[in-house]
Amino acid sequence: MTEKKKVELLAPAGNLEKMKIALNYGADAVYGGTSTFSLRIRSGKEFDMDAYKEGIAYAHERGKKVYTTINSFPFNSQVKLYENHIAKMAELEPDALIVSSPGIVKMANKIAPNIPIHLSTQANVMNALDAQVYYDMGVTRIIVAREISLKDCEAIKSVLPDLELEVFVHGSMCFAYSGRCLISAVQTGRVPNRGSCANDCRFPYEIYAHNPQSGTTFRLDEEEGIGTYIMNAKDMNMASHVDEILASGVIDSLKIEGRTKSPYYTGVVTKAYRAAIDDFYAGKFEPEKYQAELNTTQNRGFTDAYLTSRPFERKDTESHEFTIQNGTHQVAALVSEDGKTWRCKDKTCIGDEVEIVLPVGASVELVDNEYGKIEEHDGRYWLTFKKMIAVSGKEFECIHSGDLNDIILPAELPGYTILRRGIAEALEKKGLTEDSTPMHMVPKDHVCD
């Protein structure tokens, strides 16, 4: 298979930093947008027009692509605003516009006829009939419904071989059909399909039964250990099925969810799927290797969802016992873009040893000097801190998360290198138990009555 036929790896870009991280960690393309009419208003606020323009230029300089999200559903009062926004975004020359509404497809084709249109998964396309309608309207790629099967993708492609198909392979899942949920709107007034979901499905709920004839209401007690996170969908994880997806020959792009996730998530998950794709084409697919990296990230438990099995066949897509859990590792620091300094993301002290996670294709120099030691063990690189001096000259014994001092490295590292440690050590530094989760951290010395 030639390089041109390789499937595209598409990663989330919640802000400029995460866009650059995704591209450096192996993404062929990224998606994101400003807060206006994007389904991630909170992350989009970190992208103003100037930063987004810089991001597009950064990607294009590296031969990569940027797809702009304008995928909320408009009200009548917003039509003119949509027209203005599409015109402004078109001036930045992104590689595609991601939209959801048929009316906006028509609008985008009129305002920006030279920019390809990608149809959002919100449009819920699951069959060749609907795909044909959008294709006839000028859509060049469809991000298919998350409930679709690979066989249905094959059926669509057999009818429309020139239509590109994009599938989600990793990240948070909504318990509602293709994310068309209104619980947040009902409970908090934050409308999911306008980009401000409060993630109400992740909350624990108590269950009640009500008798309308007697007016009696009583609470149902759940079995101990089962929990009440009844709508909390597990995270999608299709890394072990990348070979099956690519072997089908009908998928053009693999998409990672997560514009609001951390820079660590962006880098590690993108790199894992980059390895899975490249290994498939090289004939050495190793699912255990990719899963080990994906397990380092915080998650709600993993499911392979519906692409390779029907929804009614799945009995394990909700995480009932917790809203989210730690991964096997915690990010300690992130190296600057110029590779000369690092900023703390988790308490770090002199004498600490952290693992070095490099961008795709990067290398590191082994050194041992007054600032620290970089060494290699079993194909992994490690950094031990001997001295912590900020560029301002200030020295530290320990640095805490959120400190904005730029600390000098013992040797220049590739820009956006990640430094991490095992979760047990990270929790120990916080005085927390190893089996704690981010939502239920209990200090070691504290006893709950």
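Remarks
- Computed FRET value (nearest 0.05) for ASP136 with LYS284, which takes r as the C-beta separation and R₀ as 56 Å: 0.85
- If a spin label sat at a point 7 angstrom from the Cα of LYS110 along the line to its beta carbon, the backbone N atoms of segment 63-104 nearer than 14 Å would be those of 79-87, 102-104.
- Protection proxy ranking, highest mean first, for peptides 238-247, 365-374: 238-247, 365-374, where packing is the per-residue count of other beta-carbon atoms within 10 Å, averaged.
- The simple Förster model, with R0 at 35 Å and r as the Cβ-Cβ distance, assigns GLU91 and THR328 a FRET efficiency of 0.20.
- Derived from the Cα gyration tensor, the three semi-axes of the equivalent ellipsoid of segment 44-92 are 24, 10, 10 Å, largest first.
- Kirkwood-Stokes translational diffusion coefficient of segment 313-400, alpha-carbon pairs, 20 °C, 1.002 mPa s, µm²/s: 138 µm²/s
- Quarter of the Cα convex hull surface for the chain, i.e. its orientation-mean projected area (nm²): 25.9 nm²
- A crude spin-label estimate for the pair GLN291 and ALA362, with each label 7 Å from Cα along the Cβ direction, gives 2.8 nm.
- Considering only alpha-carbon pairs that sit under 8 angstrom and 6 or more positions apart, the relative contact order computed for the chain is 13 percent.
- Segment 351-412, relative contact order [Cα under 8 Å, separation at least 6], %: 32 percent
- Computed [θ] at 222 nm, deg cm²/dmol, the chain (DSSP H ≥ 4; -39,500 (n - 2.57); rounded to nearest 500): -7500 deg cm²/dmol
- Mean sequence separation of contacting Cα pairs (under 8 Å, at least six apart), scaled by the length of segment 88-155, corresponds to a relative contact order of 31 percent.
- Solvent-free Debye scattering, log10 I(q)/I(0), computed from the Cα coordinates of segment 13-104 at q = 0.17, 0.18, 0.22 Å⁻¹: -0.66, -0.73, -1.05
- Between the beta carbons of ASN76 and GLU154, assuming R0 = 35 Å, the FRET efficiency works out to 0.35 to the nearest 0.05.
- Across LYS6/LYS53; LYS289/LYS386; LYS20/LYS65; LYS64/LYS106; LYS6/LYS65, pairs whose alpha-carbon gap is larger than 23 Å: LYS6/LYS53; LYS289/LYS386; LYS64/LYS106
- Estimated inter-spin distance, SER392 and LYS5, nm [label 7 Å along Cα→Cβ]: 5.7 nm
- For segment 337-382, the solvent-accessible area works out to 53 Å² per residue, with a probe of 1.4 Å and every protein chain left in place.
- Computed over segment 1-159, the quotient of the alpha carbon radius of gyration and 2.2 N^0.38 Å is 1.03.
- Placing TYR135, TYR208 in order of accessible area, with the largest value first and a 1.4 Å probe, yields TYR208, TYR135.
- Taking the 1.4 Å solvent-accessible surface of the chain as the whole, the part contributed by carbon and sulfur is 50%.
The values are calculated or read from the model by the stated rules, or taken from the named source; none is laboratory data. Keep in mind that what you see is a predicted model, and the values were worked out from it rather than measured. Counting neighbours? That spans all protein chains shown, and the Cβs are built from the backbone with ideal geometry, glycine included. Quick note on the areas: whole protein, heavy atoms, side chains included, nothing else; ligands and nucleic acids left out. Shrake-Rupley method; radii C 1.70, N 1.55, O 1.52, S 1.80 Å.
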